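Step one of this worksheet: look at the structure below.
The values are calculated or read from the model by the stated rules, or taken from the named source; none is laboratory data. Everything quoted here is computed from the prediction, not taken from an experiment. All Cβ positions, even for glycine, are placed from backbone atoms using ideal geometry, and neighbour counts span all protein chains on display. Quick note on the areas: whole protein, heavy atoms, side chains included, nothing else; ligands and nucleic acids left out. Shrake-Rupley method; radii C 1.70, N 1.55, O 1.52, S 1.80 Å.
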Amino acid sequence: QVQVAESGGGLVQSGGSLRLSCVYSGNIESINTIAWYRQPPGKERDLIVVTSLGSGGSEYADSVKDRFTGSRDSAKNTAYLEMNSLKPEDTALYYCNALKVTTNGISVGDGYWGQGTQVTVSS
């Protein structure tokens, strides 16, 4: 089992920045990837950033590319989502999902989810 907890959400004005944290613990040898999702009010949950815990590299959805940056600190078992130039449409509940992804890019199971952290961007 892996426990996951997000933090760092809040209320910010348009154009502002926030940094979300995702702390993972437990059987962390069973995971190698952190995926960030967000769910705006009344909408589906969307994948926005995927960070490799091995290389530290990240991939981004077009909606957040060049504004958001994924990273990890292995010593702290923490992944980060740095969000800049925030827009009202970034308002959502943000989740991290800790999971194992094979070398072929296949997810193994559903992974482990946190409870989410709310980000609200005012115009």
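A single member of Ile34, Ile48 is modelled with pLDDT of 95 or more, among the β-branched types (Val, Ile, Thr) and under 17 Å from Val2 (Cα atoms), and it is Ile34.
Residues that are under 14 Å from Val119 (Cβ atoms) and out of contact with any Cys (no Cβ under 8 Å at 6 or more places or on another chain) within segment 21-40 comprise Ser21, Arg38, Gln39, Pro40, listed in sequence order. The condition (being in contact with a Gly (Cβ under 6 Å, 6 or more places away or on another chain) and at pLDDT 95 or above) is satisfied by just one residue among Ala79, Ala98: Ala98.
Looking at segment 41-70 only, could you name the residues that are closer than 18 Å to Trp113 by Cα and not hydrophobic (A, V, I, L, M, F, W, C)? Can you show your working first?
Kept after step one, since they are closer than 18 Å to Trp113 by Cα, are these residues of segment 41-70: 44-53, 70.
If the condition is that a residue be closer than 18 Å to Trp113 by Cα and not hydrophobic (A, V, I, L, M, F, W, C), then Glu44, Arg45, Asp46, Thr51, Ser52, Gly70 are the ones that fit.
Yes or no: segment 10-19 includes at least one residue that is within 13 Å of Tyr94 (Cα to Cα) and open to solvent by less than 60 Å² (accessible area, probe 1.4 Å). Yes, segment 10-19 has at least one match. Within segment 96-123, residues that are more than 24 Å from Ser17 (Cα to Cα) and of a type in the set (Val, Ile, Thr) have Cβ atoms under 8 Å from residues that are open to solvent by less than 50 Å² (accessible area, probe 1.4 Å) and outside any strand (DSSP E or B) in these pairs: Val101/Asn32, counting only partners at least 6 apart in sequence or on another chain.
For segment 52-94, which residues satisfy the criterion of being of a type in the set (A, V, I, L, M, F, W, C) and either touching a residue at least 12 places away in the same chain (Cβ under 8 Å) or under 15 Å from Val12 (Cβ atoms) (or both)? Give the derivation first.
Here is the first cut: in segment 52-94, the residues of a type in the set (A, V, I, L, M, F, W, C) are 53, 61, 64, 68, 75, 79, 81, 83, 86, 92-93.
Within segment 52-94, Leu53, Ala61, Val64, Phe68, Ala79, Leu81, Met83, Leu86, Ala92, Leu93 qualify.
The number of residues in segment 66-109 that are more than 20 Å from Gln3 (Cβ to Cβ), open to solvent by 70 Å² or more (accessible area, probe 1.4 Å) and of a type in the set (D, E, K, R) comes to 3. Here Gln1 passes the criteria (1) modelled with pLDDT under 95; (2) under 12 Å from the mean Cα position of the chain (by Cα); (3) not acidic (Asp, Glu) except the one numbered (2).
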